[in-house]
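First up is the structure itself, then whatever we jot down about it.
Please treat every number below as a calculation from the coordinates, not as lab data. These numbers were taken from a predicted model, which means no experiment stands behind them. All Cβ positions, even for glycine, are placed from backbone atoms using ideal geometry, and neighbour counts span all protein chains on display.
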Amino acid sequence: MGSELQPKLPVLDFSCSENLKPGTSSWLSACKEVRGALEDYGCFVLVYDKVSSELLKQVFGSLEELFDLPTEIKMKNKYENRLNGYVGQIQKLPLHESMGIQNAATLEATQSFSNLLWSDGNDHFSACMHSYAKLTAELDQMVTRMIYESYGVGKYHASYTGSTTYLLRVLKNRVPEVNEPNLGFVTHTDKSFTTILHQNQVNGLEVETKDGEWISVEYPPSSFMVMAGDALMAWSNDRIQSPRHRVVMNGNEARYSLALFSFSDGIIEVPKELVDDEHPLQYKPFNHRGLLDFFSTNTTHKDKYPIKSYCGV
């Protein structure tokens with residue numbers, strides 16, 4: 001690839017995921033590809049067909065219905081534990097609105113969310129959001145198992161998934177008006193272990209490479225973005241870096257997207273197998289929820305990665 005060309009993110013194809021049986025040659029090959037993509041870029045595009053186009057159509061229709069609700073209704077989605085509340089009406093980020101559904105992979109959670117925002121509930125909304133979150137959580141668990149096994153520490157994966165909870169954030173970026181900035185969301189890294197992103201067919205996500213170049217991400221309808229969060233960076237002892245990313249709006253169509261964040265309710269520590277002379281220990285064991293508290297209460301960070309201030313050696 002010539003240096004004059006903008007780099008492109010790796011695209012992995014899991015559309016025949018029934019062939020990805022743990023222990024098979026195709027599984028081992030996929031594990032190697034996942035690890036390589038994350039070590040090189042911190043993220044990759046994943047083609048995956050288990051989430052049907054019909055379900056996705058219903059999901060995005062439901063998101064339009066959700067964000068069309070009056071602001072005072074949407075604000076009922078309160079911040080109860082750091083990341084699950086309504087964000088919007090911010091002067092410096094006028095294009096952005098988002099809400100969070102904690103434990104969205106359970107039907108009870110999506111029903112509770114819809115009962116909060118619609119006086120008679122909204123069975124269609126809660127059913128399709130639950131189906132989407134359940135399928136993407138299964139995808140996340142397959143990817144994290146591949147990460148663990150690629151480093152030879154697969155024996156720890158069951159313990160990790162046993163302590164994992166999922167937050168589904170749903171997001172809207174409206175079209176900028178004349179003379180309005182086109183920043184859809186600020187540059188940041190995710191505080192999750194992993195994040196699974198999906199969007200309607202309106203691009204806007206940009207990812208920064210290790211060399212400081214920004215890649216405009218384009219991904220086809222049947223694909224997802226898998227992104228490493230700060231917790232995975234620490235767990236991997238800096239073999240994987242969580243990529244800085246932002247949203248920049250161009251064009252004349254609103255962008256709807258979904259982000260499934262995985263968080264551990266337990267203690268995360270670097271596996272002893274990932275510490276050696278070439279990779280000395282970089283992080284102390286840490287409480288993942290404590291990282292969220294630290295980040296939310298320390299708004300000025302000198303470090304590019306606040307997790308280094310939180311639990312760096």
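Descriptive notes on the structure:
- For the chain, modelled as a GNM whose springs connect Cα atoms under 10 angstrom apart, the maximal fluctuation among SER25, SER150, SER192 occurs at SER25.
- On the beta carbon distance between TYR156 and ASP49, with R0 = 30 Å, the FRET formula returns roughly 0.55.
- Residues listed by number, region 93-118, amide nitrogen under 16 Å from LYS76 label point at 7 Å toward C-beta: 99-102, 109-118
- With a Förster radius of 51 Å applied to the C-beta separation of ASN115 and GLU213, the computed FRET efficiency comes to 0.65.
- With R₀ fixed at 45 Å, the C-beta to C-beta distance from ARG246 to LEU20 puts the FRET efficiency at about 0.90.
- Most mobile listed residue (THR194, THR71, THR136) in the chain, GNM with C-alpha springs under 10 Å: THR71
- In Hz, Karplus ³J(HN,Hα) per residue of region 281-293 (6.51, -1.76, 1.60; θ = phi - 60°; x = Gly, Pro): 4, 10, 9, 7, x, 9, 8, 4, 5, x, 4, 5, 4
- Among the listed pairs LYS92/LYS172; LYS32/LYS155; LYS32/LYS134; LYS134/LYS155, a Cα-Cα separation exceeding 20 Å is found for LYS32/LYS134; LYS134/LYS155.
- DSSP bridge analysis restricted to the chain gives an antiparallel fraction near 95%, rounded to the nearest 5.
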